[in-house]
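Single-structure report; data block below.
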């Protein structure tokens with residue numbers, strides 16, 4: 001387990017599928033995900049099997065080390081080993097925090113460090129819908145992610161079309177901060 005303060009990163013296990021399904025089905029979370037349908041146990045099982053057969057996806061459970069409970073999930077997905085980039089997946093499910101004050105900073109820091117230091121990535125990026133202010137502000141303000149661009153009318157939610165923002169953090173961004 002990779003740790004920082006009160007958070008640990010560990011691989012997703014089959015025993016986590018039920019809580020992951022429950023978190024992913026929280027309506028205020030689901031509207032921010034590309035997968036908008038209500039997930040069932042079979043969906044989770046299929047996802048888990050695909051995850052375990054892929055060498056381009058690294059998904060983790062964030063665990064409160066003191067309480068020994070899962071508190072969120074995140075990963076580095078769709079890794080392109082040629083340009084060394086990965087799509088960043090991230091949320092805190094515990095108490096429906098999504099992005100919270102207790103776990104989010106340490107969990108995101110661990111996952112970002114793992115991507116750059118262990119997987120030798122050059123770029124970590126995210127696609128976020130323009131109404132997901134909590135996550136956009138968190139990653140731009142706390143981690144210095146940059147806005148790469150916008151995909152117009154790329155999401156349909158609550159009867160209207162919304163833009164997606166592509167934000168990223170590169171190895172150079174981190175080096176320039178030092």
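A few comments on the model shown:
- Yes/no for residue 69 being surrounded by 13 or more Cβ atoms within 10 Å (Cβ to Cβ), modelled with pLDDT of 95 or more and touching a helix residue (DSSP H, G or I) at 6+ places or on another chain (Cβ under 9 Å): no
- Residue within segment 138-145 that is within 17 Å of the chain's Cα centre (by Cα), in contact (Cβ under 8 Å) with a residue 24 or more places away in the chain and not in a helix (DSSP H, G or I) present: yes
- The strands (runs of 3 or more DSSP E) falling completely within segment 1-118 that include 1 or more residues that are farther than 30 Å from residue 171 by Cα map to 69-80.
- Pairs, first more than 13 Å from residue 164 (Cα to Cα) in segment 120-131, second assigned to a strand (DSSP E or B), C-beta under 6 Å, six or more apart: 121/86; 123/85; 123/168; 123/170; 124/86; 124/88; 124/169
- Taking each residue of segment 45-65 that is under 18 Å from residue 104 (Cα atoms) and looking for partners that are at pLDDT 95 or above and in a helix (DSSP H, G or I) with beta-carbon atoms closer than 7 Å, six or more apart or interchain, yields 60/111; 61/16; 62/107.
The values are calculated or read from the model by the stated rules, or taken from the named source; none is laboratory data. Just so you know, these numbers come straight off a predicted model, no measurement behind them. Every residue, glycine among them, receives a Cβ derived from its backbone with ideal geometry; neighbour counts consider all protein chains shown.
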